[in-house]
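The values are calculated or read from the model by the stated rules, or taken from the named source; none is laboratory data. Owing to the predicted nature of the structure, the values given are computational and were not obtained by experimental measurement. Positions of Cβ are backbone-derived with ideal geometry, glycine not excepted, and every protein chain shown enters the neighbour counts.
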Amino acid sequence: MQLEQAIFTSTAAGAVQGYHLTARSAGVNEQLAAVLTQWGPSEGALPEGSSAAESLQAFPALDQFVVISRTMYGGPEYSGRSGLQVVTMMLVVRQEEFQHFGGNAIELAELARARGMLRLRGSVSESLPTLRFPDRPASRFANTRRVLPPSDEQRMRAALERLRAGERVLVIGCQQPVVAIRSLIEAIPEGHRRRFSFSTGLRPSLQRPYQISMLPTQESAIRTAGSPPGLCVVGEG
Amino acid sequence: MIMRVPTEQNSDISIACATCGEQVAVASGYCTCCLTPAELSRSVAERGTPARYVSVLGASGAGKTVYLGFLLDMLSKGVHDLRGLPNGPFSVAVQQQTMSALEQRKFPEKTSSDADRWRWVHCELSRRSRKRQTVDLITPDFAGEAIALEVEQPGFFQTIERVVSRSEALLLLLDAEQVRDASREQDFFAMKLASYLRTVHSKHRRLRRGRLTIPISIIFTKADTCLEAAREPETFAKSNLPGLVHACERTFSRSRFFAAGVVGSTATMTTDLGHVMRIPLHIEPHGVMEPLEWIMQQLK
């Protein structure tokens, strides 16, 4: 199958300065680009404290796509102000092809990373190639599952309960967020996964209404009611 | 283990949003329509008089945070004829962020593009010579790329449209260095912004013909590194931004060009990790208050 791709970060190239879609493949039309831009994380989206912070995300785009993205810190922000640029590598997959992976974005993301995708690059042109990708996961027998720590299991059970009630959830303090999200996805019926959205490490924002967000610790900004309204917090009180 | 951030459903107290008029649950923190902080709406409601908005726009890197933070700092000290009273502790955040950064010999970090992370300012302005005239400097510290995106795709950021439509005056910031070195791109952006302002005000205020009467101060920032702008901003504008000058003549009945600077000089530093940063060497403000003073003179 084919994957479209895009990069969202901060540059001063051309007519646009700051955070925007800096590169995309031919299959990302203007309508899709607008959706990717809305969901693109910018300054402050990753928790402070570590330049190694990263996050894995998935969200539905329009009706026919799923976007899987990875956000991490890149080099220094171009304008010379303090801070690192936030870089998000995005892969766009058609829903009907996504179902071949059981609607499990983690499954697809791990295969993508193993094939060298979703990684920072030294230099990027504005026009990216459309990527060739296996139609199906490598093997359904060779899946090795990490055992979730009991505390993560507990959090995922509580989160699933709130998700079933139609709430958006913020999970604090998971030790293995990617493994935890995989187990959560597997607990969701396949037919319901096509519109499921998550982030394993971005700060919650009204602009990116993930059904489930995860953060390593309860940040002071969230503790003082900086979280978007209607968010159910699971984990540290 | 589970706690819930308050929503409109579980809060009893609601007020009208100061920006868009929608009902806002005080405990929710924001207006869900335009993301105006509930605290701002509450302070306006408690004051009893409607807010008269003056807001600040500009492209990414134009210096909005530094200009706004420094302006607020000067207003709090009552420089010249103008003085400003921050309305609520949230209004001090931009001032604090800017002054703290400058004291540490660095510029404030880039503003997030997430509208719900923008720092809002509400400063009640008054003139010593005309104490009865009060105006509210109400503006989020917008992210420049959000403004650019909203101009290209009106409605993308409801917050921007709502605040702009509510504004009785505007401060438009343009980077003097960028204007000098990349004038065509800056001119195109400024022309688009002028067109956007007309569209928004025509839509919300049902203006069909004629020029907009809202006063607009167009400020060339970082003018300490661009002497041509500092000396004669009007001439600088005509030479480098002919499209904007023409658009202003057609669109706005009251507009004026200014030049401002906050740091006297900067240096470039490379960290041990190879990061290149600009360092403000000292604070030397000039032209910061004049644009706002002119606006106050224009507003009745």
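Can you name every residue in segment A:14-34 that is farther than 18 Å from A:MET117 by Cα and buried (at least 18 other Cβ atoms within 10 Å of the Cβ)?
Step one: of segment A:14-34, the residues farther than 18 Å from A:MET117 by Cα are A:14-20, A:29-34.
Selection gives A:VAL16, A:GLN17, A:GLY18, A:TYR19, A:HIS20, A:LEU32.
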* **Filtered residues of segment A:169-202 (kept if within 12 Å of chain B (Cβ to nearest Cβ), buried (at least 19 other Cβ atoms within 10 Å of the Cβ) and in contact with a Gly (Cβ under 7 Å, 6 or more places away or on another chain))** => A:VAL171, A:ILE172
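For segment A:63-84, indicate whether the set of residues that are part of a loop (DSSP other than H, G, I, E, B) and more than 30 Å from B:LYS64 (Cα to Cα) is non-empty.
Within segment A:63-84, the first condition is being part of a loop (DSSP other than H, G, I, E, B), and the residues that meet it are A:63-64, A:77-83.
From what is left, the residues that are more than 30 Å from B:LYS64 (Cα to Cα) are A:63-64.
Scanning segment A:63-84 turns up at least one residue that is part of a loop (DSSP other than H, G, I, E, B) and more than 30 Å from B:LYS64 (Cα to Cα).
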* Cross-chain or 6+ apart pairs with Cβ under 8 Å, segment A:189-201 first and over 13 Å from A:ALA61 (Cβ atoms), then of a type in the set (Ser, Thr, Tyr) -> A:PHE198/A:TYR210; A:PHE198/A:SER213; A:SER199/A:SER55; A:SER199/A:TYR210; A:SER199/A:SER213; A:THR200/A:SER55; A:GLY201/A:SER55; A:GLY201/A:THR71
* **Members of segment B:55-66 found to be in contact with a strand residue (DSSP E or B) (Cβ under 6 Å, 6 or more places away or on another chain) and either in a helix (DSSP H, G or I) or over 22 Å from B:ALA176 (Cα atoms) (or both), listed by number** => B:LYS64, B:VAL66
* Pull up segment B:29-54, narrow it to residues that are among the charged types (D, E, K, R) and in contact with a strand residue (DSSP E or B) (Cβ under 7 Å, 6 or more places away or on another chain), then point me to the one that is nearest to A:PRO209 (Cα to Cα). => B:ARG42
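Yes/no per residue for (1) within 15 Å of A:ARG208 (Cα to Cα); (2) buried (at least 22 other Cβ atoms within 10 Å of the Cβ):
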position: A:ALA6; (1), (2): no, yes
position: A:ALA12; (1), (2): no, no
position: A:ALA45; (1), (2): yes, yes
position: A:GLU48; (1), (2): no, no
position: A:ALA52; (1), (2): no, no
* Asked: Among the listed residues A:THR88, A:THR130, which satisfies the condition of being within 14 Å of chain B (Cβ to nearest Cβ) and either polar (S, T, N, Q) or touching a residue at least 24 places away in the same chain (Cβ under 8 Å) (or both)?
  -> A:THR88
* Asked: Any chance segment B:24-41 includes a residue that's crowded, with 17+ Cβ neighbours inside 10 Å, at pLDDT below 90, of a type in the set (S, T, N, Q) and under 29 Å from the mean Cα position of the chain (by Cα)?
  -> yes
* **Contacts under 6 angstrom Cβ, first residue in segment A:23-47 being assigned to a loop (DSSP other than H, G, I, E, B), partner surrounded by fewer than 16 Cβ atoms within 10 Å (Cβ to Cβ), 6 or more apart** => A:GLY27/A:THR130
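In segment B:132-165, which residues are part of a loop (DSSP other than H, G, I, E, B), facing chain A (nearest Cβ under 10 Å) and more than 13 Å from the chain's Cα centre (by Cα)?
Going residue by residue through segment B:132-165, those that are part of a loop (DSSP other than H, G, I, E, B) are B:132-133, B:141-143, B:153-157.
Subsequent filtering for residues that are facing chain A (nearest Cβ under 10 Å) retains B:143, B:153, B:156-157.
Result: B:GLN153, B:PHE156, B:PHE157.
Is it the case that A:SER25 is hydroxyl-bearing (Ser, Thr, Tyr) and facing chain B (nearest Cβ under 10 Å)?
For A:SER25, the condition - hydroxyl-bearing (Ser, Thr, Tyr) and facing chain B (nearest Cβ under 10 Å) - is not met.
Condition first: among the acidic types (Asp, Glu) and touching a Ser or Thr at 6+ places or on another chain (Cβ under 8 Å). Now tell me which residues in segment A:8-33 satisfy that.
Of all residues in segment A:8-33, those among the acidic types (Asp, Glu) come to A:30.
None - no residue of segment A:8-33 is among the acidic types (Asp, Glu) and touching a Ser or Thr at 6+ places or on another chain (Cβ under 8 Å), so the list stays empty.
Any idea how many residues of segment B:103-120 are more than 10 Å from chain A (Cβ to nearest Cβ) and assigned to a loop (DSSP other than H, G, I, E, B)?
Taking segment B:103-120 and keeping what is more than 10 Å from chain A (Cβ to nearest Cβ), we get B:103, B:105, B:118-120.
With assigned to a loop (DSSP other than H, G, I, E, B) added as a condition, the list becomes B:105, B:118-119.
Looking only at that region, the number is 3.
Residue under question is B:PRO291, and the condition is that it be farther than 30 Å from B:GLY155 by Cα and buried (at least 19 other Cβ atoms within 10 Å of the Cβ); does it hold?
Details: farther than 30 Å from B:GLY155 by Cα: no; buried (at least 19 other Cβ atoms within 10 Å of the Cβ): yes.
Judged against the criteria, B:PRO291 is not a match.
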* Can you name the number of the only condition in (1) surrounded by fewer than 21 Cβ atoms within 10 Å (Cβ to Cβ); (2) modelled with pLDDT of 90 or more; (3) more than 30 Å from B:VAL179 (Cβ to Cβ) that B:CYS17 fails? -> (1)
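Residue by residue, here is whether (1) in contact (Cβ under 8 Å) with a residue 60 or more places away in the chain; (2) aliphatic (A, V, I, L, M); (3) within 10 Å of chain A (Cβ to nearest Cβ) holds:
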residue: B:GLY29; (1), (2), (3): no, no, yes
residue: B:ALA51; (1), (2), (3): yes, yes, no
residue: B:ASP81; (1), (2), (3): yes, no, no
residue: B:ALA93; (1), (2), (3): no, yes, no
residue: B:ALA101; (1), (2), (3): no, yes, yes
* Taking the residues in segment A:54-84 that are among the aliphatic types (A, V, I, L, M) and within 22 Å of B:TRP118 (Cα to Cα) as candidates, determine which candidate is surrounded by the fewest Cβ atoms within 10 Å (Cβ to Cβ). => A:LEU84
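Here is a check on your reading of the model: is B:LEU68 on the phi > 0 side of the Ramachandran plot, out of contact with any Gly (no Cβ under 9 Å at 6 or more places or on another chain) and modelled with pLDDT of 90 or more? Spell out the reasoning first.
Working: on the phi > 0 side of the Ramachandran plot: no; out of contact with any Gly (no Cβ under 9 Å at 6 or more places or on another chain): yes; modelled with pLDDT of 90 or more: yes.
So B:LEU68 fails the test.
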* Do we find that B:GLU46 is in a helix (DSSP H, G or I) and away from chain A (no Cβ under 14 Å) in this structure? -> yes
* Structure fact -> If you go through B:SER129, B:SER100, B:SER91, the only one that is in a helix (DSSP H, G or I), surrounded by fewer than 22 Cβ atoms within 10 Å (Cβ to Cβ) and of a type outside the set (A, V, I, L, M, F, W, C) is B:SER100
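Filter segment B:166-192 down to the residues that are touching a residue at least 60 places away in the same chain (Cβ under 8 Å) and under 12 Å from B:ILE218 (Cα atoms), then identify the one that is nearest to the other protein chains (Cβ to nearest Cβ). It would help to see each step written out before you state the result.
Within segment B:166-192, the subset touching a residue at least 60 places away in the same chain (Cβ under 8 Å) is B:166-176, B:178-180, B:186, B:189.
Next, only the ones that are under 12 Å from B:ILE218 (Cα atoms) stay: B:169-176.
On the way: B:ALA169: 25, B:LEU170: 20, B:LEU171: 19, B:LEU172: 16, B:LEU173: 13, B:LEU174: 12, B:ASP175: 9, B:ALA176: 15 Å.
The residue in question is B:ASP175.
In segment A:12-22, what count of residues is obtained for those that are in a strand (DSSP E or B) and facing chain B (nearest Cβ under 8 Å)? Let's see the steps before the verdict.
Within segment A:12-22, the subset in a strand (DSSP E or B) is A:18-22.
Next, only the ones that are facing chain B (nearest Cβ under 8 Å) stay: A:18-20.
Going through segment A:12-22 one residue at a time, the tally reaches 3.
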